Amino acid sequence: MIDSFIRVGAATPEVKVADTAFNATKIIEAAKKAAKNDCGILVFPELSITGYTCGDLFLQSALLKSAKESLLKVASSTRKLDMILIVGVPVVYGGKLYNCAAVIHKGDIIGIVPKQNIPNYSEFYEMRYFTPFTKHEMLMLDDFSEDESIDFGPAVFDCAGVKFAVEICEDLWVPESPSIDYAAHGAEIIFNLSCSDEVIGKAEFRRNLVASQSAKLVSAYVYADAGLGESTTDMVFAGHNIIAENGKVLSESNRFEGGIIYADIDLERLTAERKRMNTFRMKTTGDDYVNNLMFDAEFPDIKLKRHISKTPFVPEDRNDLSQRCEDILNMQAAGLLTRLSKINCKKAVIGLSGGLDSTLALIVTIHAFDRLGLPREGIIAITMPGFGTTSRTKNNSMRLAEEYGCTLREISISDAVKQHFKDIGHDPAVQDITYENSQARERTQILMDIANQENGLVVGTGDLSELALGWATYNGDHMSMYGVNASIPKTLVRHLVSYEAERTKTVSKKLSKALEDIVATPVSPELLPPTEDGQISQKTEEQVGPYELHDFFLYYFVRCGFAPSKIYRLAKIAFEGSYDDATIYKWEETFIKRFFAQQFKRSCLPDGPKVGTVTLSPRGDWRMPSDASRAIWLADLETVKG
């Protein structure tokens, strides 16, 4: 499996109640179709060999004998397929009838898992036929094979680096699902064979239940539901198949249609998440009734069909994005207003550049002051034009402050920086790092000193992407008294400001227009003189690379712990048509080098609220030595070179 991806499927083939030969044929057809789609494991509905709605026919020996023969036919007919099948079948053991799932691979029945929780309420009467499995040991079944016995009981199946388990319908709906133990024994994928009838409102509940179980177990959950063909004497079945991974639904069928759905499961991501969560406790196999069944298998290297978003920090659905933006602004504002109220501070100082980050910081501060009932005049917005300031950014910053009703101050840094150059003996014609950083530090000094004058708090503007790349002047814009954007990546900053522009259209057209122009302005620290026609000459993304790429690298590096080679391959899929392979490689290499080299700046960050799942605060989610070697990561990236 390339990068630990495996394709799984949930199938709802046509079924005829009690016609096991017909059902076996349809199962075989579905299996062959799934194999052509590189499916590694395919699960079918509950009692798919016989149909779920056989009623008292389950007590007929003819049906049970035919079911066993049809199961063996499915096994023998799929012997040449490189995949695992999980099929529902009734099985007699010790004189009792059990509702079971048979796990089949290369013609062999690897194990049979009986249902543990048998519903006998409302429209369900399973206890009339089936016995719940309650034994706390693995049993052996002899009548399915002349050569060897088959394992019978709860189990985690372990093959080719994949650990999976099976539970059946009601097992999911009870408070203590068998899958809880399965996950604790290492199962990364849970398959559920179900026959859940359709009533109004149940589909949404079912979807939420599957997604929630996958999140709780930090697993993938593959749910195969019975559909058309089951008896409609008293119930209707919709074939509602669902595949979820760690709380997110990856694939879902249209109800009342049947067929097969697929999803590519990222096993490495699940493993990484379980490692990160110290409260996810694993058990030692053998300490209770869950057995470990190991067997050899090979899974196809799939061409990934899973959607990989270019912007993992930003929801792609516009409705979700609007709600997310509102939530984020409220969280940022809550952090700032709490800090202001706790220290009894009624003024805030912000360096307003006319760029995205300082604009977002101002928006957040406006929200905080409004919620505290403080006058906006207490927000002191300071524009500090220097050698690289353009009229576009200066005018936008002034318009923002005026339209929001803040106190605006303009303080030029040019003379002060020139004097500083003279003091340290720097030639202003040499536009090097000293030339740039002197301006950033002068601006920070002004902000800090005015905060002292006003008994105010300096609100930081730097964002998560800049912190990852170290694109901040140490003890310059790197420093503040509270950094409201510390966990907001650049791609999300842009959407938050766009959201504010849309929201304020009915309040102030001038404000909305200024916000829109800020979104359209190239990202720049404006530390180098503008072009002859007054345009921004220093464009950040031309120097360090596109922020959408860096945010992509950052998310999978920090949040998922993926190796650079895997991140590169994911980026190729996500940005196909936007960047060529060489460009992606170049900027990922830059990301690795800068991320390691700039840790010292992140080791002494000011306080700031954690908003998303990724933060680089040394007091929060990221602790890293400033002198760590990057050699391993660069070497891994080199493995993908053509």
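The numbers here are math on the coordinates, done by the rules we state, and not lab data. Keep in mind that what you see is a predicted model, and the values were worked out from it rather than measured. FYI the Cβ positions are ideal-geometry reconstructions off the backbone, even for glycines, and counts take in every protein chain you see.
Picking from SER70, GLY247, ALA31, whose Cα lies most toward the positive end of the charge dipole for the range 2-294 (charges on Cβ: Lys, Arg +1; Asp, Glu -1)?
Comparing the listed Cα positions along the dipole, GLY247 ranks first.
Using modelled amide H (1.01 Å from N, peptide plane; none on Pro or chain starts), what sits under 5 Å from the amide H of GLU188, excluding residues fewer than 5 places away?
LYS163, PHE164
In percent, how large is the relative contact order of the chain, given Cα pairs closer than 8 Å and 6 or more residues apart?
Taking the mean separation of contacting Cα pairs over the length of the chain, I get 11 percent.
About the Cα centre, and with charges only on the beta carbon of Lys, Arg (+1) and Asp, Glu (-1), how big is the dipole of the chain? Nearest 20 debye, please.
1340
Which whole number in µm²/s is D for the range 427-488 by Stokes-Einstein, with the Kirkwood Rh taken over Cα pairs at 20 °C and 1.002 mPa s?
This corresponds to a translational diffusion coefficient of 172 µm²/s.
Which ³J(HN,Hα) values in Hz, rounded to whole numbers, follow from the phi angles of the range 312-329 under the Karplus curve 6.51 cos²θ - 1.76 cosθ + 1.60, where θ = phi - 60° and Gly and Pro get x?
x, 8, 10, x, 7, 6, 4, 5, 5, 5, 4, 5, 5, 4, 4, 4, 5, 4
Please report how far the C-alpha centroid of the range 421-477 lies from that of the range 63-93, rounded to the nearest whole angstrom.
Value for the Cα centre distance between the two parts: 71 Å.
Within straight cross-link reach of LYS610, meaning Cα distance under 17 Å, which lysines are found once same-chain residues fewer than 8 apart are removed?
LYS490
Compare the Cα positions of ILE6, GLN60, TYR129 along the charge dipole of the range 1-149 (+1 at Cβ of Lys, Arg; -1 at Cβ of Asp, Glu; about the Cα centre) and return the one farthest towards the positive end.
The residue sitting farthest along the positive end of the dipole is ILE6.
To make sure I understand the rule: partners must be aspartates and glutamates, Cα under 19 Å from the Cα of LYS601, and not fewer than 8 residues away in the same chain. Which ones qualify?
By straight Cα distance, LYS601 reaches ASP357, GLU436, GLU442, ASP463, GLU466, ASP477, ASP551, ASP621, ASP627.
Estimate the FRET efficiency between VAL249 and ASP108 by the formula 1/(1 + (r/R0)^6), using the beta-carbon distance for r and 25 Å for R0, to the nearest 0.05.
0.15
Need the C-alpha centroid separation for the range 116-185 versus the range 345-409, integer Å.
62
For the pair ALA21 and ASN292, what calculated FRET efficiency results from E = 1/(1 + (r/R0)^6), where r is the Cβ-Cβ distance and R0 = 41 Å, to the nearest 0.05?
For R0 = 41 Å, the calculated efficiency reads 0.75.
Could you tell me which label, among (i) -0.35; (ii) -0.28; (iii) -0.44, carries the value of log10 I(q)/I(0) by the Debye sum over Cα atoms at q = 0.06 Å⁻¹ calculated for this structure?
Read-out from the structure maps to (iii).
So, in Å, what gap is there between the alpha-carbon centers of the range 262-335 and the range 566-624?
With the range 262-335 and the range 566-624 each reduced to a Cα centre, they are spaced 19 Å.
For the peptides 427-436, 4-13, what is the packing order when you average, over each peptide's residues, the other Cβ atoms within 10 Å and list the highest mean first?
Result, highest mean first: 4-13, 427-436.
If you take the charge dipole of the chain about its Cα centre, with +1 on Lys and Arg Cβ and -1 on Asp and Glu Cβ, which of GLY386, TRP587, PHE205 is farthest toward its positive end?
Value computed over the given set: GLY386.
On alpha carbon coordinates alone, what is the Rg over Rh value for the range 2-294, Rh being the Kirkwood radius?
Ratio of gyration radius to Kirkwood radius for the range 2-294: 0.93.
Output the pairs from LYS303/LYS572; LYS163/LYS305; LYS32/LYS106; LYS310/LYS566; LYS26/LYS248 with a Cα-Cα distance over 19 Å in this structure; if there are none, say none.
With Cα atoms farther than 19 Å apart: LYS163/LYS305; LYS26/LYS248.
To make sure I understand the rule: partners must be aspartates and glutamates, Cα under 13 Å from the Cα of LYS36, and not fewer than 8 residues away in the same chain. Which ones qualify?
Partners found: ASP82, ASP301.
Per the helix-only calculation at 222 nm, which mean residue ellipticity applies to the chain, given -39500 (n - 2.57) for every DSSP H run of n ≥ 4 and division by its residues, nearest 500 deg cm²/dmol?
-12000 deg cm²/dmol
Taking the Cα atoms only, what angle lies between the long axis of helix 581-597 and the longest principal axis of the chain, rounded to 10 degrees?
70
Assuming 0.36 nm per residue, please report the length gained on full extension of the stretch LEU228 to ILE2 beyond their Cα-Cα distance.
77.7 nm
Sort 160-169, 608-617 for me by packing, meaning the mean count of neighbouring Cβ atoms within 10 Å per residue, highest on top.
So the order, starting with the most tightly packed, is 160-169, 608-617.
Would you kindly state how much longer the chain becomes between ASN395 and PHE205 on full extension, computed as 0.36 nm times their sequence separation minus their alpha carbon distance, in nm to one decimal?
The span from ASN395 to PHE205 would gain 63.2 nm if fully extended.
How far, in nm, would the chain grow between TYR125 and THR506 when pulled straight, counting 0.36 nm per residue and subtracting the alpha carbon separation?
Taking 0.36 nm per residue and subtracting the Cα distance, the gain is 131.2 nm.
From the Cα gyration tensor of the range 318-543, with a ≥ b ≥ c the square roots of its eigenvalues, which class applies: rounded if a/c is under 1.5, or else prolate if a/b is larger than b/c, or else oblate?
Judged from the Cα gyration tensor, the range 318-543 comes out prolate (a/c at least 1.5, a/b above b/c).
When you count, for each residue, the other Cβ atoms within 10 Å and take the mean per peptide, how do 250-256, 543-549, 292-298 rank with the highest first?
Packing order, densest peptide first, comes out as 543-549, 250-256, 292-298.
Pull out a ≥ b ≥ c, the square roots of the eigenvalues of the alpha-carbon gyration tensor of the range 202-336, then state rounded if a/c is under 1.5, prolate if not and a/b is larger than b/c, and oblate in the remaining case.
Taking the square roots of the gyration eigenvalues as a ≥ b ≥ c, the range 202-336 is oblate.
Once both labels are modelled 7 Å past Cα along the beta-carbon direction, what's the ILE573-MET282 spacing in nm?
Result: 2.5 nm between the two label points.
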